[in-house]
Every structure is written in structure tokens, then in C-alpha cells.
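Encoded as C-alpha cells, the structure appears first; notes follow it.
Computed from the coordinates by the stated procedures, all read-outs in this text should not be read as laboratory data. Owing to the predicted nature of the structure, the values given are computational and were not obtained by experimental measurement. With ideal geometry, Cβ positions are generated from the backbone for all residues, glycine too; neighbour counts draw on all protein chains shown.
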Amino acid sequence: MKITARSLLTIALLALTAGVARGESPGSGSSVTFNFDSDKPGEPPAGFEFARTGKGAEGQWVVRRLQDSPGK
């Protein structure tokens with residue numbers, strides 16, 4: 001079974017939602033790490049899908065380079 005970035009993000013969000021529903025905080029022993037080292041700074045993360053719910057302005061997600069990041 002091939003796991004895509006979209007599938008991984010969906011799984012991570014479901015796990016986070018389940019933890020919040022049980023009253024757990026994200027730092028309560030389990031963690032999820034996302035790595036954007038192979039993505040170009042200033043562009044959307046590969047595999048992300050963007051959508052708008054409601055009437056608000058559409059958001060813009062881009063990868064940013066941080067000097068103190070643990071990766072590239």
C-alpha cells in the first residue's frame with residue numbers, strides 16, 4: 001500500500017482530533033513530525049490540497065526557510 005503525503009496528513013489530523021476529543025494535549029506523549037526539506041521555499045507543500053469552507057478568504061500555505069530549523 002502506497003502512503004501519500006495527503007494520506008499521512010489525513011491520518012495525523014485524525015489522530016490529533018481524536019486526542020483533543022479525549023482531552024489530551026498534543027504534548028502528552030505522542031508526536032507527529034512533518035518534514036518539508038524536499039519542498040521549495042515560497043511554494044505550497046507537495047501533496048497538499050487547498051479548499052475553502054464557508055465564505056472567508058482562501059488561505060495560502062507556503063514552505064518557509066527557517067534559520068533554526070532542525071532540517072534543511
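Here the Karplus relation 6.51 cos²θ - 1.76 cosθ + 1.60, evaluated at θ = phi - 60°, turns the backbone of region 47-52 into coupling constants of x, 7, 10, 10, 8, 10 Hz, with x for every Gly and Pro.
I need the peptides 37-49, 55-67 ranked by packing, meaning the mean over residues of other C-beta atoms within 10 angstrom, with the highest value on top. List each step's numbers first, then the result.
On the way: 37-49: 11.8, 55-67: 8.3.
Ranking, from highest mean packing down: 37-49, 55-67.
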